[in-house]
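*Asks:* Below you will find the structure I want to go over with you.
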Amino acid sequence: MLEFIKEPKDLRGLSTRELKALAAEIRERIIRTVSHNGGHLGANLGTVELTLALHSVWNSPEDKIIWDVGHQCYAHKLITGRGDRFDTLRQLQGLSGFPKRSESVHDAFDVGHSSTSISAAAGMAAARDLQGKSFHIAAVIGDGALTGGMALEALNHVGQLQTNLVVVLNDNEMSIAKNVGAIADYLSRMRLDPTLSRAREELESMVSRIPGIGSSVNRAATGVKDALKKTILPGQLFMELGFSYFGPFDGHNIPQMQAALQDASKRGGPILLHTMTQKGRGYAPAEKEPSKFHGVGPWVDVQTSRSKRSMSFSDVFGGAVLEAAQHDPRVVAVTAAMKDGTGLQPFAECFPDRLFDVGIAEQHSLTFAAGLAAQGQRPVVALYSTFLQRGYDQVLHDICLGQLPVIIGVDRAGVVGDDGPTHHGVFDISFLRPIPGLTLLAPGSAEDLEAMVQWALQQTTPVAIRYPRGRAARWSPQPQGSIDKSQWLRQGSDCTVFAVGPLVNEAVKAAEQLEAVGVNCGVVNVRSIRPLDRETLFSAVRSTGTILTVEDHMIAGGYGSAVLEALASEPDVRVRNLGYPSKFLPQGTIEELHAMHGLNARGIAEAVCAMLNVGTVETE
């Protein structure tokens, strides 16, 4: 059936039986595509029926559906005219893994980070009201994303605005990992009785049937009735915020969800529809281990869901923190709902009382760590670079201003591949490098990262360590000298390449290729971005006079900018920076994106040849 669904209106003539069959076909297509391309599997499998219900009742694109995070938009893409391109999902120049306005008129908002949907929907609703229009707007948000501070701020504001807006709470008890915190506990209590979705209507009916006074009581006793609702029904929190609460509903029951959405469309004011779904629905491995199947790479075997995996920088970081904790009881770890992704799961298993999962709350995680440090603990906070952007003020004001010894693991620094522009970590050097008193390190190998964690825990000031997604190479020889200083890997007489993080290996390969054209190229493993190792830099200037910086980061404000600042008064030195231009980078594999911007061995070698005006290298 799926090939005949070109736009949402094609759903409206389908029976419930046909919609269920279509849901099964959509799941099969999602599983097959993700098995080849990788992607977010669990959340997408859990929202198929909800998506069909929304699009069969509402009139997209006139009516707006905003998907929080966007991890659950694959079914939406399949029924909004992109089925013929779905096999290109998350590939270079293919479909984005997230909603994207430039891709379809049915994508109402560009998303990729958590807890933004209600704020965006509120802004759209306010604009709609100012323009005198009357279309419907829904924000579909997971219970994990609802714990984010921005979502709570938006709920508070929408309750004040009292505009027509539907919040669909997609409750699967998960974000990436199991949800934590008081709000998660509150929603858990609301799930306990599946009959509660009918209780409100039954209460209203009971009041209206009181003998002798009939429907007049139902109108006149609104205050009493609301008090009764708040006493015996779930959803008090949302009602106190100004929402009409309905649910919980079975999010896999298409007729029930259609009826709920139709009813919500007729009512005025803010409405919260609480739906319960199962993450990974329809695929047994994902149902059994939903955390494992949140975001996955391509599989070797779809039936067993086995995938190739090697030791990553995240694994190395988590292992180094765990080892340190075994020797120092002051070491604690903090994560924002990402203990698996940041390599801290083994730490949680060994030291459950010393691992603090604060939920989707990056800002809180950083100031919480500052409080731990202020009382003598040695906190290590692990966040993805793209999510650290949310906590910039906390790094600057709460950690660095007071010079508190917090270690920040900046995971997924650099391009991250097929998650695309919302997840690339290519801005962190530019916003961390200016902060006074913060040491910023970048390992070129697994050994570097292990040594950096040990070194950072000995400091009395804040330290950030940025490291990439993917395999952590191990080198020979071992790291030499102080880990907060640069390391010479090759001496050269013609040019020196200063390479940051994962590009160190590529710089060494480039130097080997350059030998073929008679170029003697030195290579420096930068390791310390801030403070800049001026001694090694000026030594290279004296020996070669030609400096090439290479980094998996924007050129603007990056490590290369620091080198240019340091050499601004040097008259006889040639400097060139390799990195990314000041634009949002597309999705694609890490290797493809590096090659596009000359950040591989060939690109580095060609840049050196251009600086020295010699012939290009020959590569296989």
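*Asks:* From the Cα gyration tensor of the stretch 487-612, with a ≥ b ≥ c the square roots of its eigenvalues, which class applies: rounded if a/c is under 1.5, or else prolate if a/b is larger than b/c, or else oblate?
*Replies:* Since a/c reaches 1.5 but b/c is at least a/b, the shape of the stretch 487-612 is classed as oblate.
*Asks:* Roughly how compact is the stretch 55-166, stated as its Cα Rg over 2.2 N^0.38 Å to two decimals? Mind dumping the intermediate values first?
*Replies:* Numbers: Rg = 14.4 Å, N = 112, 2.2 N^0.38 = 13.2 Å.
Expressed relative to 2.2 N^0.38 Å, the Cα Rg reads 1.09.
*Asks:* Assuming R0 = 60 Å, can you tell me the calculated FRET efficiency for the pair ALA21 and PHE431, based on Cβ-Cβ distance, to the nearest 0.05?
*Replies:* FRET efficiency, ALA21 to PHE431: 0.75.
*Asks:* Hey, another quick one. Using amide H atoms built in the peptide plane, which far-off residues or other-chain residues are under 5 Å from ASP250 H to H?
*Replies:* MET276
*Asks:* Using 0.36 nm per residue, how much length does the chain from GLN458 to GLN491 gain when fully extended, once their Cα-Cα distance is taken away?
*Replies:* Numbers: separation 33, 0.36 × 33 = 11.88 nm, distance 3.09 nm.
Fully extending the segment from GLN458 to GLN491 adds 8.8 nm.
*Asks:* In terms of modelled amide H atoms, which long-range or inter-chain residues lie less than 5 Å from the amide H of ARG378?
*Replies:* For ARG378, the qualifying residues are VAL331, VAL332.
*Asks:* Right, next: What shape does the stretch 313-466 have by the C-alpha gyration tensor, where a ≥ b ≥ c are the square roots of the eigenvalues, rounded means a/c under 1.5, and otherwise prolate means a/b greater than b/c and oblate the rest?
*Replies:* rounded
*Asks:* Could you give the angle, 0 to 90 degrees to the nearest 10, between helix 254-266's Cα long axis and the longest principal axis of the Cα atoms of the chain?
*Replies:* With both axes taken from Cα atoms, the answer is about 80 degrees.
*Asks:* While we're on this one: Hey, rough spin-label estimate for ARG85 and ALA127, points 7 angstrom out along Cα→Cβ, what's it come to in nanometres?
*Replies:* 2.2 nm
*Asks:* Using the 10 angstrom Cβ neighbour count as an exposure proxy, how do HIS40, HIS553 rank, fewest first?
*Replies:* HIS40, HIS553
*Asks:* Can you give the angle from 0 to 90° between the axis of helix 149-161 and the longest principal axis of the chain, with both taken from C-alpha atoms, to the nearest 10?
*Replies:* The two axes meet at around 40 degrees.
*Asks:* Quote to one decimal, in nm, the extra length available between LEU2 and GLN262 on full extension: 0.36 nm per residue of separation minus the C-alpha distance between them.
*Replies:* That works out to 91.2 nm of additional length.
*Asks:* Suppose only helical runs count, i.e. DSSP H with n ≥ 4. What mean residue ellipticity at 222 nm does that imply for the chain under -39500 (n - 2.57) per run, divided by all residues and rounded to the nearest 500 deg cm²/dmol? Could you put the intermediate results ahead of the total?
*Replies:* On the way: 24 runs with 235 residues, N = 620.
Helices in the chain give a 222 nm mean residue ellipticity of -11000 deg cm²/dmol.
*Asks:* Please say if the stretch 1-132 is rounded, prolate or oblate, where rounded means a/c under 1.5 for a ≥ b ≥ c the square roots of the C-alpha gyration tensor eigenvalues, and otherwise the choice is prolate for a/b larger than b/c and oblate otherwise?
*Replies:* It is oblate, given that a/c is not under 1.5 and a/b is not larger than b/c.
*Asks:* Here's another thing I want to ask about it. Provide the per-residue ³J(HN,Hα) series for the stretch 415-421, in order, calculated from phi with Karplus coefficients 6.51, -1.76, 1.60 and θ = phi - 60°, each as a whole number of Hz, with x at glycine and proline positions.
*Replies:* Coupling constants for the stretch 415-421: 6, 10, x, 7, 6, x, x Hz.
*Asks:* Measure off 7 Å from each Cα along the Cα-to-Cβ vector at CYS350 and ALA516, then give the distance between these two points in nanometres to one decimal.
*Replies:* Placing both labels 7 Å along Cα→Cβ, they lie 4.5 nm apart.
*Asks:* Within the stretch 156-175, name every residue whose backbone N is under 19 Å away from a label modeled 7 Å from Cα of LEU237 along the Cβ vector.
*Replies:* Only 156-160, 166-175 fall inside the zone, counting backbone N under 19 Å.
*Asks:* Which FRET efficiency, nearest 0.05, do GLU323 and SER102 yield, Cβ-Cβ r, R0 51 Å? Intermediate results must be reported in sequence, preceding the final value.
*Replies:* Working: r = 46 Å, r/R0 = 0.90.
It comes out at approximately 0.65.
*Asks:* Please go through the residue pairs LYS20/LYS288; LYS266/LYS292; LYS64/LYS279; LYS6/LYS64; LYS77/LYS583; LYS292/LYS583 and name each one whose alpha carbons sit more than 29 Å apart in this structure.
*Replies:* In this structure, LYS266/LYS292; LYS292/LYS583 exceed 29 Å between Cα atoms.
*Asks:* How long is the gain from SER569 to THR616 if the chain were fully straight, where each residue apart is worth 0.36 nm and the alpha carbon distance is subtracted?
*Replies:* Full extension of this stretch gives 13.8 nm more.
*Asks:* Separate question: Enumerate the amide H contacts of ILE529 below 5 Å, restricted to partners 5 or more residues apart or on another chain; note that Pro and chain-start residues carry no placed amide H.
*Replies:* HN-HN under 5 Å from ILE529: LEU440, LEU441, ALA442.
*Asks:* So, R0 is 56 Å and r is the distance between the beta-carbons of SER482 and LEU161; what FRET efficiency does that work out to, to 0.05?
*Replies:* Plugging the Cβ-Cβ distance into 1/(1 + (r/R0)^6) gives 0.50.
No lab work stands behind these numbers, since they all come straight from the coordinates. Note that the structure is a prediction, hence the values are computed from the model and not measured. Note: ideal-geometry Cβ built from the backbone for every residue, glycine included; neighbour counts use all protein chains shown.
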